[in-house]
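**Student:** This is the structure I have questions about; it appears just below.
The values are calculated or read from the model by the stated rules, or taken from the named source; none is laboratory data. Because the structure is predicted, anything quoted here is derived from the model rather than measured. Every residue, glycine among them, receives a Cβ derived from its backbone with ideal geometry; neighbour counts consider all protein chains shown. Just so you know, the surface numbers come from the protein's heavy atoms only, side chains and all, with ligands and any DNA or RNA stripped out. Shrake-Rupley method; radii C 1.70, N 1.55, O 1.52, S 1.80 Å.
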Amino acid sequence: MARTSRVRLIALSIGGNDLGFGRIIGDCAYDWYFKRLCWKKQAPVVEHQLPGVKVKVTAVVDDIRATMRAAGYADGDYRLVLQSYPSPIPGGESFRLDQNDSDRMFKDGCPFNDRDADWAAYTLVPRIGDMVKAVAGARGTDYLDLRDALAGHEVCALGTEQVGQGGPDPREHEWFRFLDHVNTQGTLDESMHPNAHGQRAMAACLGLVGAAAPGRYACTQDWFGDGDPSMMRIRPAG
């Protein structure tokens, strides 16, 4: 493909699966049911695994560069953008329902204790993003920080509702798929991933980066967009 088409930008979202993000989510959901906290046992596991994941991400970047060189591209002939991840759940203070309400699972699809949610949103997702950013810096690629891009539209976020409950307006909806144990919105593996609204927002972020000069950027919702996923803005990432 690179030999027959002019490649101008490659976007790479990587690291979460290598770290076992889905397994962590599942474990925390299981612990909610038994009224246990999962972050205390998961946090040291994550810290132990992050260096190895960083090595893997670096290797993938190097493989992409080697593949493109073999196809006749110099490194400066295209943009390689490493993306971080948005948090699928808010901090514990921003859930619609109390953590002891069974509907947090059976209605809202977010069976997580508040303290576990705090760790996931404020520690785990930023740690993954910082690791990806470090690889981008070491390998001279662009970086797109998405950790706050979908803020306010996470699963179970206060002030939002699940898609399909209140009409087509994305400003009122979650931008992630909830934890679905009966596959009403796709397979279980698709749970806690951006839905169509979330994908529109991230696509808008990437489009802004593609139109900007090479560099490191953070993407958030535009203040004047009023929750429209197509209205995003970027700023230099610190």
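**Student:** Under the rule of -39500 (n - 2.57) per DSSP H run of 4 or more residues, summed and divided by the residues of the chain, what mean residue ellipticity at 222 nm is obtained, to the nearest 500 deg cm²/dmol?
**Tutor:** -12000 deg cm²/dmol, from helical runs alone.
**Student:** When 1/r is averaged over all different Cα pairs and the result inverted, which Kirkwood radius in Å belongs to region 96-170?
**Tutor:** Over region 96-170, the inverse of the mean reciprocal pair distance is 14.6 Å.
**Student:** For the residue pair Phe34 and Leu97, what label-to-label distance in nm results when each label sits 7 Å from Cα along the Cα-to-beta-carbon direction?
**Tutor:** Going by the 7 Å Cα→Cβ label model, 2.2 nm.
**Student:** Could you tell me the ratio Rg/Rh of region 136-179? Both radii from Cα atoms, Rh via Kirkwood.
**Tutor:** Checking Rg against Rh, the ratio lands at 1.21.
**Student:** Residues with amide H under 5 Å of Leu9's amide H, sequence separation 5 or more or different chain, H placed in the peptide plane at 1.01 Å from N; which?
**Tutor:** Arg79
**Student:** So, in nm, how far is label Val45 from label Arg8 when the simple model puts each one 7 Å beyond its Cα toward the Cβ?
**Tutor:** 4.3
**Student:** Whose amide H sits under 5 Å from the amide H of Glu161, counting only residues 5 or more places off or on another chain, with H placed in the peptide plane?
**Tutor:** His173, Glu174
**Student:** Have a look at Thr160, Thr123, Thr220 and tell me which one the Gaussian network model of the chain (Cα, springs below 10 Å) gives the largest fluctuation.
**Tutor:** Sorting by GNM fluctuation, first place goes to Thr123.
**Student:** To continue, here is another question. Would you kindly state the longest site-free stretch of the chain, with sites defined as trypsin sites (Lys or Arg not before Pro) in a DSSP loop (not H, G, I, E, B) surrounded by at most 14 other Cβ atoms within 10 Å?
**Tutor:** 108-238
**Student:** Continuing with this model, one more query. Quick one: what are the phi-derived ³J(HN,Hα) couplings along region 201-218, Karplus 6.51/-1.76/1.60 with θ = phi - 60°, whole Hz, x for glycine and proline?
**Tutor:** 5, 5, 5, 5, 4, 5, x, 5, 5, x, 8, 8, 5, x, x, 10, 9, 10
**Student:** Hey, got the Cα dimensions of the chain along the principal axes, in Å, largest first?
**Tutor:** Computed over the chain, the largest-to-smallest principal extents equal 57, 41, 33 Å.
**Student:** With viscosity set to 1.002 mPa s at 20 °C, what whole-number translational diffusion coefficient in µm²/s follows for region 96-139 from Stokes-Einstein and a Kirkwood radius over Cα pairs?
**Tutor:** After rounding, the answer is 176 µm²/s.
**Student:** First compute the accessible area of the chain with a 1.4 Å probe, then give the percent of it belonging to carbon and sulfur atoms.
**Tutor:** 55
**Student:** Turning to a different aspect of this structure: Go ahead and set up a Gaussian network model of the chain, Cα springs under 10 Å, then flag whichever of Ala136, Ala117, Ala66 fluctuates most.
**Tutor:** Greatest mean-square fluctuation among the candidates belongs to Ala66.
**Student:** Over region 1-86, average the accessible area per residue using a 1.4 Å probe and give it in Å², no decimals.
**Tutor:** Computed with neighbouring chains in place, this is 56 Å² per residue.
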